[in-house]
1. Under unit Cβ charges (Lys, Arg +1; Asp, Glu -1), what dipole magnitude, rounded to 20 debye, does the range 3-93 have relative to its Cα centre?
2. When the Karplus curve 6.51 cos²θ - 1.76 cosθ + 1.60 is applied with θ = phi - 60°, which whole-Hz ³J(HN,Hα) does each residue of the range 67-79 get, with x for Gly and Pro?
3. How big is D for the range 3-93, in µm² s⁻¹ as a whole number, if Stokes-Einstein is applied with the Kirkwood radius of its Cα pairs at 37 °C and 0.692 mPa s?
4. Taking H placed 1.01 Å from N in the peptide plane, check which residues at least 5 places from Leu62 or on another chain put their amide H under 5 Å from its amide H.
5. If you average the sequence gap of Cα pairs under 8 Å that are 6 or more apart and divide by the length of the chain, what percent do you get for the contact order?
6. Expressed in nm to one decimal, what extension gain is obtained for the pair Arg59 and Leu84 from 0.36 nm per residue of sequence separation less their Cα-Cα distance?
7. Nearest 500 deg cm²/dmol is fine: what mean residue ellipticity at 222 nm does the chain get from its DSSP H runs of n ≥ 4 alone, each adding -39,500 (n - 2.57), divided by its residue count?
8. How large is ³J(HN,Hα) for each residue in the range 6-12, as worked out from phi by the Karplus curve 6.51 cos²θ - 1.76 cosθ + 1.60 (θ = phi - 60°), to whole Hz, x for Gly and Pro?
Amino acid sequence: MRLADALPDLVADMEVALLHLGRADLVNQLQQALLERWTYDDFADTTYLTLRDETYAERLSLYDEVGVNVDTDDHGRVCGIEILEGKRIATRLGTPG
């Protein structure tokens, strides 16, 4: 499923924050990104969205703006999103997959 279809409000908020950081290249990727799987850590209250199976090379913090960290691989492609206070997102997505 496309990330923008599953979580349109989150994607819209992230796009605004990324544009303020001058990262329009990532904004375009978010619209097409596919959500491969996700996990929720109850102890840390974080949800991690895996968009591609790559090790991240850079983490962009959008914590102050949106409460997320965006991970990109060594080719500048979005590969994951860590959502702090993630229970709200985990509840919307249903059973982890």
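1. Dipole magnitude for the range 3-93 comes out near 180 debye.
2. Once rounded to whole Hz, the list reads x, 9, 10, 10, 9, 10, 7, 6, 9, x, 9, 5, 10.
3. 254
4. Val68, Asn69, Val70
5. 26
6. 7.6 nm
7. One gets -9500 deg cm²/dmol as the mean residue ellipticity at 222 nm.
8. Rounded to whole hertz, the list is 6, 9, x, 5, 4, 4, 4.
All of the numbers you see were taken from the coordinates with simple rules; none came from a lab. These numbers come from a predicted model, not from an experiment. Neighbour counts run over all protein chains shown; Cβ positions are idealised from the backbone, glycine included.
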